[in-house]
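Report on the following structure.
The values are calculated or read from the model by the stated rules, or taken from the named source; none is laboratory data. Predicted model only: the values in this text are computed from it and were never measured. All Cβ positions, glycine included, derive from the backbone under ideal geometry; neighbour counts span all protein chains shown.
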Amino acid sequence: MRTYTVAAGLVVVAIAGSIGIVFAQKGLPWPMPAGTQSSAASAASAASAAPVTPAATTGATSAATTAVASAEPRPVVSQAVSQALGPVAAPSGDAPIVVAQAGAMPRTAPATATPATAPKPVAAPAPAPANPNLPPLAGPAAVKGPACNNPGALGVSRTVQIDTSGGPGFGFEHFKQFDFLQPGEVVLTFDDGPWLGNTPAVLKALEQECVKAVFFSIGKHATYYPEILRQVYEAGHSVGSHTWSHVDLSKKTPDEQKEEIEKGISAVKAAIGQPIAPFFRFPQLKHPPEAVAYLGDRNVAIFSTDLDSFDFKIRKPDQIVARVMDKLKKHGKGIVLMHDFQHGTALATPTLLAELKKGGYKIVHMVGTNGLQSMAQYDAMIAKNEKLPTAGSGRPISSVVRTIEQ
Ligand SMILES: [Zn+2]
């Protein structure tokens, strides 16, 4: 039995928290904050509620109506690095380096030098952003991550660097331009995190098999669990964004779409402390043309999927594994859509990786050539959302909560 002396300031937190729980338990699309939701409410709802299902990603098949980057003259998928258990540090120049032979590039490329065995950099310069008011891409979009200590691991067979200029689309459910995977190659993607318990479990499974993946994080969830998302980033995974509050952007105005996209980017960036991967996935795979065009101006790649696991519907780990393996058998390769937000997926991931290894599949890791910078005005909105202090904020925990009986 514990008894706490709780300062009055925490009552405010409790009340705000209960408001957050209502949203969480109802599984509603997260309301737009408009400065109304306190960080206390967010944190309390996130910490208290069982994982909610935000308007879950579906296999919606509405075709994207705007071609993205279809006229790109330059290589989009530009680099293959064999035996890489973490992505190669990307060169800092605008022009991508094309490496024809797997393994031709050292694990960590110097920032300016081109490896002797590699062809010269492509001469074509990166096009300027269509809208000069939008920030250019920044430095490398992912870190290398820790060394692999499991010699029998599934590992990463190659890392591909994606030049996201003009907003290329990936995933044959909607985009047909870039068929870069070889037979047997698989890209793993995880949406809707970070989430307590589930995301760390997925991370652990990936780490044990030295596998790297792409994560599409919900901005609000990034504000709940920034430390978990930072772990994702530091493990060498690509961390892209998935809007601020997981709304269906096809039901929003262009201005609202932009705010959802940008606040999502800012929130993910705030969590990892770095420019994020220039990768984006639309909630429910709904691709409104205006938002597709905007992401093109922003030089952000759009990810649909080749294989939807439907893990948000199936939920049972063995069935999730069976679904993915069945689809892979049928298609032979593909970008797989899963959710680190889902408990079933967290439980399924170790088995799925074992099955992939057994089936002889190869993991491909996608990294952005450059990182995506957030925009200052949206950073400010996120910061404002984070800082709604209660009367007692700023005091150390020990001065507010003290164990007096144990
Ligand atoms: Zn989603």
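Structure notes:
- Among the residues here, LEU328 does not qualify as closer than 16 Å to GLY184 by Cα and within 16 Å of the ligand (Cβ to nearest atom).
- Within the range 258-276, the set of residues being part of a helix (DSSP H, G or I) and away from the ligand (no atom under 15 Å from the Cβ) comprises LYS258, GLU259, GLU262, LYS263, ILE265, SER266, LYS269, ALA270, ALA271, ILE272.
- Condition check for ASP255: over 12 Å from the mean Cα position of the chain (by Cα), surrounded by fewer than 24 Cβ atoms within 10 Å (Cβ to Cβ) and within 16 Å of the ligand (Cβ to nearest atom): no
- Look at the range 280-292: where a residue is in contact (Cβ under 8 Å) with a residue 60 or more places away in the chain and basic (Lys, Arg) and a partner is part of a loop (DSSP other than H, G, I, E, B) and more than 9 Å from the ligand (Cβ to nearest atom), sitting 6+ places away or on another chain with Cβ atoms under 7 Å, you get LYS286/ALA60; LYS286/SER62; LYS286/ASP248.
- Close Cβ contacts (under 6 Å, 6 or more residues apart or on different chains) running from residues in the range 184-196 that are within 25 Å of HIS331 (Cα to Cα) to residues that are away from the ligand (no atom under 16 Å from the Cβ) and aromatic (Phe, Trp, Tyr) comprise GLY184/TYR361; VAL186/TYR361.
- Residues satisfying the stated conditions in the range 153-183, i.e. exposed (fewer than 15 other Cβ atoms within 10 Å of the Cβ) and at pLDDT 95 or above: GLN182, PRO183
- Residue in the range 263-273 that is in contact with a strand residue (DSSP E or B) (Cβ under 7 Å, 6 or more places away or on another chain), buried (at least 24 other Cβ atoms within 10 Å of the Cβ), assigned by TED's automatic domain parsing to the domain that holds GLY166 and among the charged types (D, E, K, R) present: yes
- Just one of the numbered conditions (1) free of Cβ contacts under 8 Å to residues at least 60 places away in the same chain; (2) within 27 Å of LYS176 (Cβ to Cβ) is not true of GLY273: (2).
- Test: residue in the range 344-359 that is farther than 24 Å from LEU229 by Cα, in contact with a strand residue (DSSP E or B) (Cβ under 7 Å, 6 or more places away or on another chain), of a type in the set (A, V, I, L, M) and crowded, with 22+ Cβ neighbours inside 10 Å: yes
- Extreme residue, farthest from MET366 (Cα to Cα), among residues of the range 277-321 that are part of a strand (DSSP E or B) and within 16 Å of the ligand (Cβ to nearest atom): ASP308
- Inside the range 235-249, residues that are farther than 11 Å from SER217 by Cβ, away from the ligand (no atom under 14 Å from the Cβ) and touching a helix residue (DSSP H, G or I) at 6+ places or on another chain (Cβ under 8 Å) make up a count of 1.
- Subset of the range 179-228 [within 16 Å of the ligand (Cβ to nearest atom) and of a type in the set (A, V, I, L, M, F, W, C)]: LEU188, PHE190, TRP195, VAL202, ALA213, VAL214, PHE215, PHE216, ILE218, ALA222
- Boolean, PHE312 is more than 23 Å from ALA380 (Cα to Cα), of a type in the set (Phe, Trp, Tyr) and modelled with pLDDT of 95 or more: no
- For ILE218, the stated conditions do not hold, so it cannot be described as within 16 Å of ALA383 (Cβ to Cβ), touching a residue at least 12 places away in the same chain (Cβ under 8 Å), assigned by TED's automatic domain parsing to the domain that holds PHE190 and buried (at least 24 other Cβ atoms within 10 Å of the Cβ).
- For TYR225, the criteria (1) closer than 21 Å to GLY368 by Cβ; (2) surrounded by fewer than 24 Cβ atoms within 10 Å (Cβ to Cβ) hold in every case but one, which is (1).
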